[in-house]
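To start, the structure under review is shown below, and the notes come after it.
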Amino acid sequence: MGNITRETCNGHEITSRYDILGRRTHTASSSGADIATELDSLGNITGIEAQGWQATIDYDRQGLEIQRTLSGGLTAQTRRDKLGRVRYQNAVSNGHTHLDREYRWGTDDRLAKIIDLKTNETTAFEYNDRGFLTRAVYGGKEEVWRTADKLGNLYESEAQTDRRYTGSQLQHDGKWWYYYDNEGNLILKSPYQRHGKNPDTSWQSGSWAYKWNANGSLKSVKRADGKEFSFKYDAFGRRISKSYGSREFLYIWDKNVPLHEIKKEGKREDEITTWVFQGFIPTAKIQGDKSYSIISDHIGTPLQAIDTQGNKVWERTLDIYGKVRKETEETANFVPFLFQGQYLDTETELVYNYKRYYSQETGAYISQDPIGLAGGNPTIYGYVKDPNSWIDVFGLNNTTQSHHIISDKNNLTKNHALISLAGYKDPNDFLQSSTNKIDLPTKYNTEDNVSSIHSGKHYNIYSELIADAMDEKVLLGKKENWTQDQYKQALDDITNKVRDKLNKGEIALNKNRRKNSSCKFSI
C-alpha cells in the first residue's frame, strides 16, 4: 500500500507496522521505542501502550475526546458545549485533583476566560475587530498587552509606543536593538545601538549573534556570555542536533514529531528520552523505567506531567506570547513543548518551530516566512493572530483553515431536512459546531502531503454529492420510520466519512489538489 515500514533518522532505525486498512498500529526504534496503538472504525486512537505506559481514550458520538484513562490511576475528563468547544477539563488520580479548569467562550468562537477552579484565578482575554488577541488579564491584576498595528506588528502597550518597526522588522523594543541580513534573518540583538549606514554587526559582550545556513536554517547562536550553540538539520529541514562544547542533544524524528531526544555529554552514558505524541500533542514522556503522562489544554499546550504513582511532578502556564508565567522550579522545562509544533531551547531563549525559530519575547519569528506573503500574514515575521485558538506547527503561519464539512453557505445543504430531523432546531447549531468542522492545510502548506487542500473556490459537486447522500438518508428514514437518534446517527455517519476522506486527501475541494484526489467521491 506504499506505507513506510523502515526508515533511518540520524543513524537510528524506526520500524512501523500497519493494519489491513493501512493504519499504523505499531512503532519501534533501535533506541528502545515500542509504541502500540489501537484505533476504532473511524480512525480515532482509542488506546496507546508504550514501554509499560498506557492510555485508554474515549470519544463522544461526534468523535470528540471526552476522557482518557492513564497510567497511575489518572483520569482526564473533558466536557464540551453543543458546538464541541471545551468547557471543562479536570485531571484526577487517587482522589486528588490536579487540574480543574473552566473555559468560557465569547462571540466568533473566541475564548473569553479561563477559570482555574482550584485557585479561583480567572484569566480574561480581549480581541480587536480583526480577530487579534490583544490583551490578557491574570487574576484581575496582572495585564499583558499584545496589540497589533495595521500590518500585524505587535506591541506590549495599548498605545503602541514601546516598539519601533521598519516595515515588518522589529528595530527596537526599549531593551534591545535588532539587526538583519539581506535575507531578512536576525543576525544581531544588541543592548545598544550600532550607528552608521552599514553598522558593525559583529558579536560583542552583552549582545546575541545569529548565523544562518544558505538554505535559511539557523546555524548557531552566540549568547551574551560568549557561549555558542550550533544546530544541524536533515534533508527534510528537521533539526537533528543541538550542541555546545562536549554536550550534544540528538533528535530522532517520527515524521514531523520527535520520537527520541538523546543527551550526550563526554563519557557519560547517553540519556534517552522517548516522546509519545498524538498528532502534534505530546501525551507521554518516558526515561528509562520511568514514564509520565502529559495533560494539555484545549489547544494542545502541555500543562502538567503526572508520574505512574499519580504524583504531579511538573506544571507550567504560559502567557499570550508563549512566555512562561508559572512553572515548577525543580523540574523547569521538564516538558519543553509550548504551543503545538514548538520546542523551547532555554539555552538560546528561542523556540524551535520546525521551519523557523520563534521569540517568546517579541511574539514573532526571527526570520521571514519561507513562503512569504502566501502564509497569510503581512508581517511575514508574525505568529498567528489568536494563539488561544490558532496554531502554527510548521512555522509557516496560517497553516490551516477551518472547513465546514457540510457547507453552511450552499443552498443544497445549509437548511437540509436531515439536520432538523436529527434534532437541530437551528441548523447553525450543527453547521457551526466542531462536529461539522475540520482544519485543512492551505494550498501553500502541503507539509503533511496528505490532507485535502482548503484554499480556493470549492467545486459545486462537493456539496451536490453530500446533499445527495443526505437526501438518501431522509428517504430511507421515512421508509423505515427512523427515530430522531437514528437520523442524528445518519448525519454523523456522513460527516465522519467525509472527514476521513478529507484527512486522507481523497477529495479535491478545488483546483489546488493532491495528485491522487478527485472531485467525485462516494459516501
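No lab work stands behind these numbers, since they all come straight from the coordinates. Everything numeric here is computed off the predicted structure, so don't read it as measured data. So basically every Cβ, Gly included, is an ideal-geometry build from the backbone, and we count neighbours across all protein chains shown.
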Could you pull out every residue, at least 5 positions away or on a different chain, whose amide H is within less than 5 Å of the one on Asp297? Hs are placed 1.01 Å off N in the peptide plane, and Pro or chain starts have none. Leu303
Tabulate in residue order the Karplus-calculated ³J(HN,Hα) for the stretch 208-216, using 6.51 cos²θ - 1.76 cosθ + 1.60 with θ = phi - 60°, rounded to whole Hz; enter x for Gly and Pro. 10, 10, 10, 10, 10, 7, 5, 8, x
Can you tell me the FRET efficiency between Asp200 and Asn428 if r is taken as the Cβ-Cβ distance and R0 is 45 Å, rounded to the nearest 0.05? 0.15
Per the 1/(1 + (r/R0)^6) rule, R0 = 30 Å and r from the Cβ atoms of Ala235 and Ala36, FRET efficiency to 0.05 is 0.55
DSSP loop (so not H, G, I, E, B), at most 11 other Cβ within 10 Å: list which trypsin sites (Lys or Arg not before Pro) in the stretch 156-207 pass both filters. Lys175, Lys197
Taking the alpha-carbon set of the stretch 272-370, what are its Rg and Dmax in Å? 13.7, 45
In nm, to one decimal, how far is the Thr166 label point from the Gln287 one, both placed 7 Å along Cα→Cβ? 4.5 nm
Based on a Kirkwood Rh over C-alpha pairs, give the Stokes-Einstein translational diffusion coefficient of the stretch 400-503 at 25 °C and viscosity 0.890 mPa s in µm²/s. 172 µm²/s
Can you tell me which lysines have their Cα less than 21 Å from the Cα of Lys113? Leave out same-chain residues fewer than eight positions away. Lys82, Lys141, Lys323, Lys326, Lys385
I'd like the chymotrypsin sites (Phe, Trp or Tyr not before Pro) in the stretch 253-317 restricted to DSSP loop residues with at most 15 other Cβ atoms within 10 Å, sorted by number. none
How large is the Kirkwood hydrodynamic radius of the stretch 214-270, in angstrom, based on all distinct alpha carbon pairs? 12.4 Å
Provide, for q = 0.11, 0.18, 0.19 Å⁻¹, the log10 of I(q)/I(0) from a solvent-free Debye sum over equal Cα point scatterers in the stretch 190-334. -0.59, -1.28, -1.33
Whether the stretch 139-251 is rounded, prolate or oblate, judged on the alpha carbon gyration tensor where a/c under 1.5 counts as rounded: prolate
Once you charge only the Cβ atoms, +1 for Lys and Arg and -1 for Asp and Glu, what is the size of the charge dipole of the chain about its Cα centre, to the nearest 20 debye? 1120 debye
Taking the radius of gyration and the Kirkwood hydrodynamic radius from Cα positions alone, what is the Rg/Rh ratio for the stretch 484-523, to two decimal places? 1.11
Which value, to two decimals, describes the C-alpha radius of gyration of the stretch 63-163 once divided by 2.2 N^0.38 Å? 1.35
Toward the positive end of the charge dipole of the chain, about the Cα centre and with charges on Cβ (Lys, Arg +1; Asp, Glu -1), which of Met470, Gly152, Ser230 goes farthest? Gly152
Dimensions of the chain along principal axes (Cα, Å, largest first)? 81, 52, 51
So, counting K/R as plus one and D/E as minus one, what does the shell of residues with Cβ under 14 Å around Glu158 add up to? -2
So what are the ³J(HN,Hα) numbers for the stretch 159-164, from phi and the Karplus equation (6.51, -1.76, 1.60; θ = phi - 60°), rounded to whole Hz, Gly and Pro as x? 7, 6, 10, 8, 10, 10
GluC sites (Glu not before Pro) restricted to DSSP loop in the stretch 117-211 with at most 12 other C-beta within 10 Å: Glu158, Glu183
Over the chain, the sum of -39500 (n - 2.57) across DSSP H runs of at least four, divided by residue number and rounded to 500 deg cm²/dmol, gives at 222 nm -3000 deg cm²/dmol
What lysines does Lys242 reach when the alpha-carbon gap must be under 18 Å and sequence neighbours fewer than 8 apart in one chain are set aside? Lys211, Lys219, Lys222, Lys227, Lys232, Lys263, Lys264, Lys267, Lys355
Among Ile523, Val86, Asn215, the residue whose Cα sits farthest towards the positive end of the charge dipole of the chain (+1 at Cβ of Lys and Arg, -1 at Cβ of Asp and Glu, taken about the Cα centre) is Asn215
Given the candidates Ile371, Pro282, Phe125, the one whose Cα lies deepest towards the positive end of the charge dipole of the chain, counting +1 at each Lys or Arg C-beta and -1 at each Asp or Glu C-beta, is Ile371
What nm value, rounded to one decimal, do you get for the distance between Asp270 and Lys141 when each label is placed 7 Å out toward the C-beta? 4.8 nm
Just give me a number: lysine pairs in the stretch 400-503, eight or more positions apart or cross-chain, with C-alpha atoms less than 17 Å apart. 16
Regarding the stretch 237-303, what's the average projected area of the Cα-atom convex hull, expressed in nm²? 5.5 nm²
Using only alpha carbon pairs under 8 Å that are at least six residues apart, calculate the relative contact order of the stretch 400-503 and give it in whole percent. 36 percent
